[in-house]
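These notes are about the structure you will find just below.
The values are calculated or read from the model by the stated rules, or taken from the named source; none is laboratory data. Keep in mind it's a predicted model, so treat the numbers as computed, not measured. Cβ placement follows ideal geometry from the backbone for every residue including glycine, while neighbour counts extend to all protein chains displayed. Heads up: the accessible areas ignore ligands, DNA and RNA and are worked out on the full protein's heavy atoms, side chains in. Shrake-Rupley method; radii C 1.70, N 1.55, O 1.52, S 1.80 Å.
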Amino acid sequence: QVQLVESGGGLVQAGGSLRLSCAASGRTFSLNAIAWFRQAPGKEREFVAAISGSGRTSGYAESVKGRFTISRDNGKNTLFLQMNSLTPEDTAVYYCAVSRRIGYYTRRDEYDYWGQGTQVTVSS
């Protein structure tokens, strides 16, 4: 059974940084697209960043471009999201997701496995 467990969330002041991790177990995802999404209260879950299996292709939502960096360690089956220059608008539950597909994808419906989420709260 596939399991994704996020960690690293918490409370941080505006301008601060956090590093989220997502540990995958149950199978190897070294070829699969993986991504981070987030959901703020009262809003739809939205795309944040994605990376291909090789790591050569990555992309970001406009709102986080230049501030967030997605990376992966295939040897450890782990996904990361480095978040810098955080603002209160980044407050949300952050979810990692893995696709059965090989490549690079940004839509929610292209991802098959989801973690339980980790809360990120940015105070002003």
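Which one of Ser58, Ser99, Ser25 has the biggest mean-square fluctuation once the chain is modelled by GNM with Cα springs under 10 Å?
Of Ser58, Ser99, Ser25, the most mobile in the Gaussian network model is Ser25.
Which of these, Ala50, Ala97, Ala23, has the largest mean-square fluctuation under a Gaussian network model of the chain (Cα springs below 10 Å)?
Highest fluctuation among the options: Ala23.
Taking a 1.4 Å probe, which of Tyr105, Tyr95 shows the most accessible area, and what order do the others take after it?
Tyr105, Tyr95
Say we join alpha carbon atoms closer than 10 Å with springs in a Gaussian network model of the chain; which of Val48, Val12, Val98 then has the biggest fluctuation?
Comparing Val48, Val12, Val98 in the GNM, the peak value goes to Val12.
How large is the charge dipole for the chain, taken about the Cα centre, if only the Cβ atoms of Lys, Arg (+1) and Asp, Glu (-1) carry charge, to the nearest 20 debye?
Rounded to the nearest 20 debye, it is 300 debye.
Past the 20 angstrom mark, what percentage of all C-alpha to C-alpha distances in the chain do you count?
35
Considering only DSSP beta bridges where both residues belong to the chain, give the percentage that are antiparallel (nearest 5).
Here the share of antiparallel DSSP bridges comes out near 90 percent.
Per 5 Å bin from zero, what fraction in whole % of the C-alpha pairs of segment 57-124 is there, up to the bin with the longest pair?
The calculated distribution, bin by bin, is 3, 13, 22, 28, 20, 9, 3, 1.
Roughly to the nearest percent, how much of the accessible area of the chain is carbon and sulfur, given a 1.4 Å probe?
46
Pop out the ³J(HN,Hα) list for segment 93-104 in order, Karplus 6.51 cos²θ - 1.76 cosθ + 1.60 with θ = phi - 60°, rounded to Hz; leave Gly and Pro as x.
Each residue's phi maps through the Karplus curve to give 8, 9, 10, 8, 8, 10, 9, 6, 7, 9, x, 9 Hz.
Given a 1.4 Å probe, how much area per residue of the chain is accessible, in Å²?
Accessible area per residue: 51 Å².
So for the chain, averaging the separation of alpha carbon pairs under 8 Å that are six or more residues apart and normalising by length, what relative contact order in percent results?
The normalised contact order for the chain reaches 36 percent.
If amide H atoms are built 1.01 Å from N in the plane of the peptide, which residues on other chains or at least 5 residues away come under 5 Å of the amide H of Gly10?
Hits under the 5 Å cutoff: Val120, Thr121.
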